[in-house]
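Readers should treat all values here as calculations from the given coordinates under stated rules, not as data from a laboratory. Nothing here was measured: the structure is a model prediction, and the numbers come from that model.
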Ligand SMILES: Cc1cc2nc3c(=O)[nH]c(=O)nc-3n(C[C@H](O)[C@H](O)[C@H](O)COP(=O)(O)O)c2cc1C
């Protein structure tokens, strides 16, 4: 979305969302925006404005992600306008994350070396459940 002209509708996104919604129903469509990503050719000169603009354009449930843990959820949902908080690494490394939240338990240690590999198991489905954890 680099170079997006805020004076015009984001036509490509609009067209894609419309086409997909027509095929599978609007209630099954979500859009992942990563305005703060800044690597390779990605990046925007004003990511905050871009994020707000896109969120207002979409006017859907607004789910935020990025470095959150259980303690911040109420604050984030209460103050940022977000409807939900999503967990990435925390869920990846703790297959029983809701139970760990409930029990106020420890979390498995993240192994970044297993991120973005072609292995379908190691780092993806082999983190231990609580009863198997040391
Ligand atoms: C191994 C791994 C793979 C990911 N793959 C994707 C992906 O394919 N598409 C995407 O939009 N985000 C992907 N993400 C980013 C997560 O969706 C999330 O935004 C990121 O981990 C930050 O949230 P967290 O702090 O809760 O982990 C990936 C993250 C990890 C760790």
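Using Cα pairs under 8 angstrom and six or more residues apart, how large is the relative contact order of the chain, in percent?
Details: 101 pairs, mean separation 19.5, N = 134.
That works out to 15 percent.
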Rounded tilt (10° steps) of 11-24 against the dominant C-alpha axis of the chain:
60
Angle check, please: helix 47-58 long axis (alpha carbons) against the longest principal axis of the chain (alpha carbons), in degrees 0 to 90, nearest 10.
80
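Would you please classify the overall shape of the chain from the alpha carbon gyration tensor, given that a ≥ b ≥ c denote the square roots of the eigenvalues, rounded means a/c under 1.5, and beyond that prolate means a/b larger than b/c while oblate covers the rest?
Numbers: a/c = 1.97, a/b = 1.78, b/c = 1.11.
In terms of gyration-tensor shape, prolate.
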